[in-house]
1. Using beta carbons and a limit of 6 Å, which pairs, at least six apart or on different chains, have the first residue in the range 14-28 and not assigned by TED's automatic domain parsing to the domain that holds R118 and assigned to a helix (DSSP H, G or I) and the second one at pLDDT below 95 and of a type in the set (S, T, N, Q)?
2. In the range 53-86, how many residues are assigned to a helix (DSSP H, G or I), in contact with a His (Cβ under 7 Å, 6 or more places away or on another chain) and surrounded by 18 or more Cβ atoms within 10 Å (Cβ to Cβ)?
3. Can you spot a residue in the range 34-45 that is under 21 Å from E102 (Cβ atoms), in contact (Cβ under 8 Å) with a residue 60 or more places away in the chain, under 20 Å from the mean Cα position of the chain (by Cα) and surrounded by 15 or more Cβ atoms within 10 Å (Cβ to Cβ)?
4. Would you be able to say whether some residue in the range 125-147 is closer than 29 Å to E82 by Cα and not hydrophobic (A, V, I, L, M, F, W, C)?
5. Could you count how many residues in the range 105-122 are hydroxyl-bearing (S, T, Y) and in contact with a strand residue (DSSP E or B) (Cβ under 9 Å, 6 or more places away or on another chain)?
6. Could you check the range 51-70 and list, in sequence order, the residues that are free of Cβ contacts under 8 Å to residues at least 60 places away in the same chain, farther than 22 Å from K5 by Cβ and either assigned by TED's automatic domain parsing to the domain that holds L110 or under 18 Å from the mean Cα position of the chain (by Cα) (or both)?
7. For Q140, state whether it is touching a residue at least 12 places away in the same chain (Cβ under 8 Å) and of a type in the set (S, T, N, Q).
Amino acid sequence: MMQEKDWTIEEIEALTEDQAQEMALEKLTIKEHNVYLVDFGGYFGYSALVFAENHHIHFANDYELHHPGKSKEELRAWYIEELSNVLFTEQEIAEPVRSHKEYEAKYRYLRDKYSQRRDYVSAFYIETGKSKEEIEARKQKIENMIYDPVSYCYMEPSEKDFIVHHIKLVSTLIAEKEKTLDNFDYWKDAFIYEMYNHEYGINWDADFDTLSAFGNLRPTKAKDELGNYFKQLGFTAKQKKAYLAARTEYLRQYRENA
């Protein structure tokens, strides 16, 4: 156990793969990612650090502090199961989408984690509190960089092929999702999933919040509020039918569990 220092999250996320491997109690391979189990002691404890292409995919890391009371054996099993559900191979990205939950997990992986295989500068930048010199230095840094619209970041021009490939992976995933448009069961399950996410049974804006998970919605005062949302989202007749069926099923389950 590494008790000689109190680690900060910044120090952990800055670790290279060589450093993580040297510190690791065990190395795992999950979905073509290298996962190092390291015991930091103290606040972070027995944790899982994720790497791919010799880059730290720290958005996929998991730490003991999030799972109080679990033993090392329980944490190891937890990390393997959870990382298997949030990490993906490119082959898996191109496979048929089986559920809305799976699609969301794959999309989050591509948006938040895949780009960490390369050095990048986030497009999100708060100038408040920064000096003019800092702001100008950042502008000069990204001036000749290439924008990755999937992960909202800038990369060096040498990473152009990587960005093109990244965009292609997302396009492939979306194309697979579009093949579900005529799948009643897929959409019914997807709507029920988001109804639970948005506590449909006690939410005053239940339909708006639930359907916002499927596209950009504008609030409406139309008499047929639900019909207006369907129109905004361009839902097919089968999607509309699936939503109404999902609402009936959710409310049935809600009443039974109340």
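The values are calculated or read from the model by the stated rules, or taken from the named source; none is laboratory data. Given the structure is predicted, the values throughout are model-derived calculations rather than measurements. All Cβ positions, glycine included, derive from the backbone under ideal geometry; neighbour counts span all protein chains shown.
1. none
2. Filtering the range 53-86 down to residues assigned to a helix (DSSP H, G or I) leaves 58-60, 64-66, 72-86.
Those still in the list that are in contact with a His (Cβ under 7 Å, 6 or more places away or on another chain) too: 75, 78.
If we keep only those that are surrounded by 18 or more Cβ atoms within 10 Å (Cβ to Cβ) as well, we get 75.
Result for the range 53-86: 1.
3. As a first pass, look at the range 34-45 and keep what is under 21 Å from E102 (Cβ atoms): 35.
Checking the rest, the ones that are also in contact (Cβ under 8 Å) with a residue 60 or more places away in the chain come to none.
Within the range 34-45, not a single residue is under 21 Å from E102 (Cβ atoms), in contact (Cβ under 8 Å) with a residue 60 or more places away in the chain, under 20 Å from the mean Cα position of the chain (by Cα) and surrounded by 15 or more Cβ atoms within 10 Å (Cβ to Cβ).
4. Narrowing the range 125-147 to residues closer than 29 Å to E82 by Cα: none.
Among the residues of the range 125-147, not one is closer than 29 Å to E82 by Cα and not hydrophobic (A, V, I, L, M, F, W, C), which makes the answer no.
5. Going through the range 105-122, the residues hydroxyl-bearing (S, T, Y) turn out to be 107, 109, 114-115, 120, 122.
The next check asks that each one be in contact with a strand residue (DSSP E or B) (Cβ under 9 Å, 6 or more places away or on another chain); those that pass are 114-115, 120, 122.
So the count comes out to 4.
6. If the condition is that a residue be free of Cβ contacts under 8 Å to residues at least 60 places away in the same chain, farther than 22 Å from K5 by Cβ and either assigned by TED's automatic domain parsing to the domain that holds L110 or under 18 Å from the mean Cα position of the chain (by Cα) (or both), then F59, A60 are the ones that fit.
7. On the way: touching a residue at least 12 places away in the same chain (Cβ under 8 Å): no; of a type in the set (S, T, N, Q): yes.
No.
Rundown of residues vs (1) assigned by TED's automatic domain parsing to the domain that holds A245; (2) among the charged types (D, E, K, R); (3) over 16 Å from the mean Cα position of the chain (by Cα), yes/no style:
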position	(1), (2), (3)
D112	no, yes, no
D119	no, yes, yes
G129	no, no, yes
K141	no, yes, yes
P149	no, no, no
S171	no, no, yes
